[in-house]
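Below: one structure, written as structure tokens.
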Amino acid sequence: MAIKEQTCETFIEMLQDYQFKVTFPREELEPLMMDEPRPVGKGQYPNAGLLIAAATGNCLASSLSFCLRRARVDVKGMTAVVRTTIERNEKGRLRITGINVELRPVVGDLKRFEICRDVFEDFCIVTESIRKGIPVKVDVAPICE
């Protein structure tokens, strides 16, 4: 199977201070507001670290749900709790040093559930990307007014 590269473009606009509006590449999606927590920002919206936690938990829950449904397991519900550990590195900078996700699927058949236990994580694009590390290229082009 040939792998087709996909690229999507997300637009981020500063509104004031540390508040940003994120616009996604699909116009049917509502923009997302972001902000840094106090004392830097006002903490009115989630920050990037919270979105990484949410993306990780959501991706794992979706992958497990998909696998269970493919295995013909009745998924009656699911919750996830994501615990993110943030620590300072050797330079004193805050870094995400761990993400622990607890998934609690409510299923009708525990025997068929076992089919997915060991395989669903491999299909989670976010978790597996974070685990391997994602190369990030940064280009800064200031506009002077």
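The values are calculated or read from the model by the stated rules, or taken from the named source; none is laboratory data. It should be emphasised that the depicted structure is a prediction, and the values quoted were computed from it without experimental measurement. With ideal geometry, Cβ positions are generated from the backbone for all residues, glycine too; neighbour counts draw on all protein chains shown.
Tell me, yes or no, whether segment 75-96 has at least one residue that is loosely packed, with under 10 Cβ neighbours inside 10 Å, touching a residue at least 12 places away in the same chain (Cβ under 8 Å) and small (Gly, Ala, Ser).
Yes, segment 75-96 contains a residue that is loosely packed, with under 10 Cβ neighbours inside 10 Å, touching a residue at least 12 places away in the same chain (Cβ under 8 Å) and small (Gly, Ala, Ser).
Conditions (1) over 29 Å from residue 34 (Cβ atoms); (2) within 13 Å of the chain's Cα centre (by Cα); (3) at pLDDT below 95, marked per residue:
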{"site": "89", "(1), (2), (3)": "no, no, no"}
{"site": "113", "(1), (2), (3)": "yes, no, yes"}
{"site": "118", "(1), (2), (3)": "yes, no, yes"}
{"site": "131", "(1), (2), (3)": "no, yes, yes"}
{"site": "139", "(1), (2), (3)": "no, no, yes"}
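Could you give me the residue pairs with C-beta distances under 7 Å whose first residue belongs to segment 15-40 and is outside the structural domain of residue 51 (by TED's automatic domain parsing) and surrounded by fewer than 14 Cβ atoms within 10 Å (Cβ to Cβ), whose second residue is assigned to a loop (DSSP other than H, G, I, E, B) and β-branched (Val, Ile, Thr) wherever it lies, and which are 6+ apart or on separate chains?
Sorted first by the residue in segment 15-40, then by its partner, the pairs are 25/10.
Taking segment 105-118 as the region of interest, how many residues are in a loop (DSSP other than H, G, I, E, B) and either exposed (fewer than 12 other Cβ atoms within 10 Å of the Cβ) or touching a strand residue (DSSP E or B) at 6+ places or on another chain (Cβ under 8 Å) (or both)?
Applying the first criterion (in a loop (DSSP other than H, G, I, E, B)) to segment 105-118 yields 108-109, 118.
So of that shortlist, the ones also either exposed (fewer than 12 other Cβ atoms within 10 Å of the Cβ) or touching a strand residue (DSSP E or B) at 6+ places or on another chain (Cβ under 8 Å) (or both) come out as 108, 118.
Total satisfying the criteria: 2.
Is it fair to say residue 44 is loosely packed, with under 15 Cβ neighbours inside 10 Å and of a type in the set (S, T, N, Q)?
Details: loosely packed, with under 15 Cβ neighbours inside 10 Å: yes; of a type in the set (S, T, N, Q): yes.
Spelling it out, residue 44 is indeed loosely packed, with under 15 Cβ neighbours inside 10 Å and of a type in the set (S, T, N, Q).
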